[in-house]
1. Tell me, yes or no, whether the stretch 85-93 has at least one residue that is in contact with a helix residue (DSSP H, G or I) (Cβ under 8 Å, 6 or more places away or on another chain), free of Cβ contacts under 8 Å to residues at least 60 places away in the same chain and farther than 30 Å from residue 29 by Cα.
2. For the stretch 101-112, enumerate the residues that are modelled with pLDDT of 90 or more and surrounded by fewer than 16 Cβ atoms within 10 Å (Cβ to Cβ).
3. Name the one entry in 182, 154 that is closer than 23 Å to residue 34 by Cα and outside the structural domain of residue 22 (by TED's automatic domain parsing).
4. Just name the residue that is farthest from residue 198 (Cα to Cα) out of those in the stretch 113-153 that are buried (at least 17 other Cβ atoms within 10 Å of the Cβ) and at pLDDT below 95.
5. Given the residues 145, 163, which is the only one that is under 23 Å from residue 109 (Cβ atoms) and either assigned by TED's automatic domain parsing to the domain that holds residue 33 or in contact (Cβ under 8 Å) with a residue 60 or more places away in the chain (or both)?
6. Taking the conditions exactly as written (touching a residue at least 60 places away in the same chain (Cβ under 8 Å), touching a helix residue (DSSP H, G or I) at 6+ places or on another chain (Cβ under 8 Å) and either over 24 Å from residue 149 (Cα atoms) or loosely packed, with under 15 Cβ neighbours inside 10 Å (or both)), does residue 201 satisfy them or not?
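The values are calculated or read from the model by the stated rules, or taken from the named source; none is laboratory data. As the structure is a computational prediction, the values presented were derived from the model and not from experiment. Reconstructed Cβ throughout: ideal geometry from the backbone, glycine too, with neighbour counts over all protein chains shown.
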C-alpha cells in the first residue's frame with residue numbers, strides 16, 4: 001500500500017527505517033547495507049526525501065563533541081561522510097509518522113488473519129517489535145495446532161514487509177498449560193509484557 005502511495009519501495013523502506021529510529025544518523029552506504037538496497041537507489045531516494053524536507057543532513061555525534069582538542073577535530077575532518085536522519089521538525093512529520101503507524105496496523109491485522117487460518121489457534125499474542133521493542137523473548141506467541149511450514153513462509157513474507165526479523169513461538173495447548181503451572185519465566189515474560197492479545201479462547 002505505501003509503495004503505491006510513495007511510488008518507490010526503496011523510499012518506503014528508508015522512511016520506515018528512519019521513522020523507527022528518530023534519533024538515528026546514517027550515511028548512505030550504511031543505509032544501503034542495512035536495508036539491502038543498491039547504493040544508487042539509496043542516493044536517489046535520499047536526495048528526493050531531502051528536497052521534500054522529510055529527512056535532513058545530520059550533524060554527527062563526533063562533530064557535536066568537536067572543539068575538545070586536535071584529535072577530535074582531526075577525526076571529524078578525516079570523515080567527511082554525510083549523515084542523514086528523519087526531520088522531526090518537518091511540518092509533515094506528525095502526519096507521516098501516523099500514516100506509517102496505520103500501515104503497520106494494517107500489516108498486523110493481515111498477519112493475524114492469515115495465522116488464524118493455519119489451524120486451531122487458541123491464543124495469539126503480538127508483542128516485541130509490534131509494541132516497539134527489539135529485546136523481547138518473542139514477537140508472536142501462538143498456542144494451538146498450526147501448519148508450521150506455512151507459518152514459516154508467512155513470517156518470511158512479513159519480515160520483508162516490516163524490514164525486520166520476526167521471532168515467533170508456537171506452543172501446543174498442553175505445553176502452554178504446563179508452562180503456566182510451573183510459572184515458566186519465558187512464558188510469563190511474554191504474558192506480563194506490553195502486548196496485543198489478538199485472539200484468546202484458552203482462558
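1. No, every residue in the stretch 85-93 fails to be in contact with a helix residue (DSSP H, G or I) (Cβ under 8 Å, 6 or more places away or on another chain), free of Cβ contacts under 8 Å to residues at least 60 places away in the same chain and farther than 30 Å from residue 29 by Cα.
2. Matches in the stretch 101-112: 109, 110.
3. None of the others qualify; the one that does is 154.
4. 136
5. 163
6. The answer is no for residue 201.
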